[in-house]
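Reviewing the structure listed below.
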Amino acid sequence: HNPTPFTAYSFAPPEAALVYAFAPIFFILVPMHHNAFIAAMLIQIIRNAMAHCGYELFPRGWAEHPILGIFATVTHHDLHHEKSGGNYAFYFTFWDRVMGTEHPEYIERFNRATKAPLKSIRGSVSEA
């Protein structure tokens with residue numbers, strides 16, 4: 001199990017039509033400058049690619065931080081794909097905590113992922 005950023009938008013055509021049908025409807029119903037809408041869509045695309053990259057991009061301590069910990073990490077979303085039945089929240093982890101769907105190993109897995117040695121540009125291995 002190691003998703004790629006390309007899995008972020010891997011939909012069957014009918015599913016894609018349903019997922020993206022909201023955009024024109026939202027744009028018609030909600031008064032919003034088109035640049036704000038474009039910015040929101042770009043953020044969504046970047047966030048989706050990050051969540052599906054298969055590598056933890058957030059620094060050690062993020063998941064347990066009292067403020068930053070509400071934002072979902074790559075590990076959080078990765079567990080959603082690896083173990084069915086939890087970690088549904090894509091942007092904010094507190095939804096999974098409130099609904100009781102956060103995977104019990106999330107913090108442990110995040111800490112393990114951010115503690116692993118990283119290979120530097122020079123090729124040596126160092127503790128992150």
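Could you grab me the full set of residues in segment 90-128 that are part of a loop (DSSP other than H, G, I, E, B) and at pLDDT 65 or above? Please lay out each step first, then the result.
Of all residues in segment 90-128, those part of a loop (DSSP other than H, G, I, E, B) come to 90-91, 93, 100-105, 116-117, 120-124, 127-128.
Those that are part of a loop (DSSP other than H, G, I, E, B) and at pLDDT 65 or above: PHE90, TYR91, THR93, GLY100, THR101, GLU102, HIS103, PRO104, GLU105, ALA116.
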- prompt: If we only count helices (runs of 4 or more DSSP H) wholly inside segment 1-89, which ones have 2 or more residues that are surrounded by 12 or more Cβ atoms within 10 Å (Cβ to Cβ), touching a Lys or Arg at 6+ places or on another chain (Cβ under 8 Å) and not assigned by TED's automatic domain parsing to the domain that holds GLY100?
  reply: none
message: Filter segment 46-63 down to the residues that are in contact (Cβ under 8 Å) with a residue 12 or more places away in the chain and either at positive phi or out of contact with any helix residue (DSSP H, G or I) (no Cβ under 8 Å at 6 or more places or on another chain) (or both) and list them by number.
response: ARG47, GLY54, GLY61
message: Scan segment 51-70 and tell me whether some residue there is modelled with pLDDT under 90, of a type in the set (A, V, I, L, M, F, W, C) and touching a Phe, Trp or Tyr at 6+ places or on another chain (Cβ under 9 Å).
response: yes
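The values are calculated or read from the model by the stated rules, or taken from the named source; none is laboratory data. This structure is a prediction, so every number in the text was calculated from the model and none was measured. Neighbour counts are summed over all protein chains in view; Cβ atoms, including those assigned to glycine, are modelled from backbone coordinates with ideal geometry.
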